[in-house]
Amino acid sequence: QVQLAEAGGGLVQAGGSLRLSCAASAGTFYTLQMGWFRQAPGKEREFVAAVSRSNYTIYGAESLQGRFTIFRNHAKNTVYLQMNSLNGEDTAVYYCVADRNRLGRNIYHYEYWGQGTQVTVSS
């Protein structure tokens, strides 16, 4: 079983930045494909970004590209999501995800999910 623990959510003004982190169970991180999804109120979960074991990255909607960056630190067993130029549409619960094999944009690609961290962008 893989445990994921997110941190870094909070309230930020429009135009600001936040960095989310997700720590995985020790000893398993190097085996995992990692990613982030988000879910805004009344909407379906949306793929944000993912990074492979070998640091290959994929991103979701065009509106995220250039503003969001995913990266991982193997020494800290942690994956990060750097979010810049935030706006109200980025308000959501952000979920860290992991899978031992699959890397993709669909929720069914990931076996392990964190509890989520709230990001609220105020105008």
Residue 53: out of contact with any His (no Cβ under 6 Å at 6 or more places or on another chain) and over 13 Å from residue 116 (Cα atoms), yes or no?
-> yes
Could you list, in sequence order, the residues of the stretch 34-63 that are within 12 Å of the chain's Cα centre (by Cα) and open to solvent by less than 40 Å² (accessible area, probe 1.4 Å)?
-> 34, 35, 36, 37, 38, 47, 48, 49, 50, 51, 58, 60
Only residues that are hydroxyl-bearing (Ser, Thr, Tyr) and open to solvent by less than 20 Å² (accessible area, probe 1.4 Å): list them for the stretch 64-99, please.
-> 78, 94
Considering only the stretch 84-103, state which residues are of a type outside the set (S, T, N, Q) and over 14 Å from residue 32 (Cβ atoms).
-> 86, 88, 89, 90, 92, 93, 94, 95
The number of residues in the stretch 1-17 that are assigned to a strand (DSSP E or B) and open to solvent by less than 30 Å² (accessible area, probe 1.4 Å) is 3
Those residues of the stretch 70-111 which are among the hydroxyl-bearing types (Ser, Thr, Tyr), in a strand (DSSP E or B) and touching a residue at least 60 places away in the same chain (Cβ under 8 Å) amount to 80, 94, 95
Which residue pairs have Cβ atoms closer than 8 Å, lie 6 or more positions apart in sequence or on different chains, and pair a first residue in the stretch 42-69 that is free of Cβ contacts under 8 Å to residues at least 40 places away in the same chain and in a loop (DSSP other than H, G, I, E, B) with a second residue that is among the aromatic types (Phe, Trp, Tyr) and open to solvent by 40 Å² or more (accessible area, probe 1.4 Å)?
-> 53/30; 55/71
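The values are calculated or read from the model by the stated rules, or taken from the named source; none is laboratory data. Just so you know, these numbers come straight off a predicted model, no measurement behind them. Neighbour counts run over all protein chains shown; Cβ positions are idealised from the backbone, glycine included. The area values use the complete protein model at the heavy-atom level, side chains included, leaving out ligands, DNA and RNA. Shrake-Rupley method; radii C 1.70, N 1.55, O 1.52, S 1.80 Å.
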